[in-house]
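Encoded as C-alpha cells, the structure appears first; notes follow it.
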Amino acid sequence: MKLFLDSADVNEVRQAAEWGLIEGVTTNPSLLAKTGQPYQTVLREICSLVDGPVSCEVVATSAEAMLEEGEKLAQLHPNIVVKCPVVVEGLKATRALSRRGIKVNVTLVFTPLQALLAAKCGAAYVSPFVGRLDDIGQDGLAMVAQTVRIFANYKFPTEILVASVRSPSHLVRAAEVGAHIATVPFNVLRQILHHPLTDIGLERFLSDWRASRQKI
Ligand code: G3P
C-alpha cells in the first residue's frame, strides 16, 4: 500500500519526505487555505519535495469552469493530479480532464456507487473519506472493502486512495482490505513511526551492549 501525506504544510511534507515514507501528497481547499500562502507557491514547493502525485482540488462548481481550473492546475507541475468532487459537474469534468490526459482524483466519496461512477468517468484515483463516515456512525473501511471488490470485478485501473484517515487502525484496515493508497495526516504518520516497546527494547539492547565494552 502506498502512503501519501494529507497536508499542505511544506514543513510537514519536507519532514515526511526526509523520512522517506511518502510517495505522494494530497491537499484540499481547507488545507491550502490554512497555509495563508499563494496556492501556486505551496504546490510548486510540495512538488519539489516529493517525486509523486500531488493532488489539488478545483473550487469551481460548473464542469466547464472545473475543466478550465483543472488545466491551469495541471500546468503547475507534471506531478499535479486534479481533484474533482463526486458531484454531477465534477464527474463531467473528470471525464473531460481524463480525456485530455490529465489525471483526476475524485474526492468526497462516501459510497461504493460514487466510486464506481468515478471509475467509469476515467478517474485515476477515488478518495473515500473513511473518517467522516465513521464520524456519523458508519463503517468507512467496510465501504472501502466493497469498493475494492467492485473495482476488482471489472478490472478498473482506478486506484483507491483512502482519505480522512484518523488513526493507525484506519491504515491497518485499509491495507487488510487491499486499498492501493492511504493518505495520512502528519500526526498519524508520526504515530505509526513510534512504539513504546520498540523504544524500550532498543534502549535495553544498547545498554547491555555498552556494558559489554565491545565495538562493532
Ligand atoms: O484531504 C482529504 C481528506 O483526507 C480530508 O480529511 O480529516 O478533513 O476528513 P478530513
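Check whether at least one residue in the stretch 144-160 is among the aliphatic types (A, V, I, L, M), within 13 Å of the ligand (Cβ to nearest atom), closer than 21 Å to SER98 by Cα and within 17 Å of the chain's Cα centre (by Cα), and report yes or no.
The answer is no, given that none of the residues of the stretch 144-160 is among the aliphatic types (A, V, I, L, M), within 13 Å of the ligand (Cβ to nearest atom), closer than 21 Å to SER98 by Cα and within 17 Å of the chain's Cα centre (by Cα).
Being crowded, with 19+ Cβ neighbours inside 10 Å and either under 17 Å from the mean Cα position of the chain (by Cα) or in a loop (DSSP other than H, G, I, E, B) (or both) is the filter here; which residues of the stretch 53-78 pass it?
PRO53, VAL54, SER55, CYS56, GLU57, VAL58
Taking only pairs six or more apart or across chains, which ones have beta-carbon atoms under 6 Å, a first residue in the stretch 90-110 that is in contact (Cβ under 8 Å) with a residue 24 or more places away in the chain, and a second residue that is more than 16 Å from the ligand (Cβ to nearest atom) and among the polar types (S, T, N, Q)?
Correct list of pairs: VAL104/THR94; VAL104/SER98.
Would you mind finding the one in ALA17, ALA8 that is in a helix (DSSP H, G or I), buried (at least 18 other Cβ atoms within 10 Å of the Cβ) and among the small types (Gly, Ala, Ser)?
Values: ALA8 fails: in a helix (DSSP H, G or I).
Answer to the selection: ALA17.
State which residue pairs qualify: first residue more than 23 Å from ASP9 (Cβ to Cβ) and among the β-branched types (Val, Ile, Thr) and inside the stretch 52-74, second residue modelled with pLDDT of 95 or more and not in a loop (DSSP other than H, G, I, E, B) in any location, beta carbons under 8 Å apart, and separation of 6 or more residues or different chains.
Pairs found: THR61/GLU89.
Which is at negative phi, charged (D, E, K, R), surrounded by 11 or more Cβ atoms within 10 Å (Cβ to Cβ) and in contact (Cβ under 8 Å) with a residue 24 or more places away in the chain, of ARG132, ARG149?
Numbers: ARG149 fails: in contact (Cβ under 8 Å) with a residue 24 or more places away in the chain.
Unique residue meeting the criteria: ARG132.
For residues in the stretch 89-110 being more than 16 Å from the ligand (Cβ to nearest atom) and closer than 19 Å to THR183 by Cβ, which is surrounded by the most Cβ atoms within 10 Å (Cβ to Cβ)?
The extreme case among them is THR94.
The values are calculated or read from the model by the stated rules, or taken from the named source; none is laboratory data. Owing to the predicted nature of the structure, the values given are computational and were not obtained by experimental measurement. Counting neighbours? That spans all protein chains shown, and the Cβs are built from the backbone with ideal geometry, glycine included.
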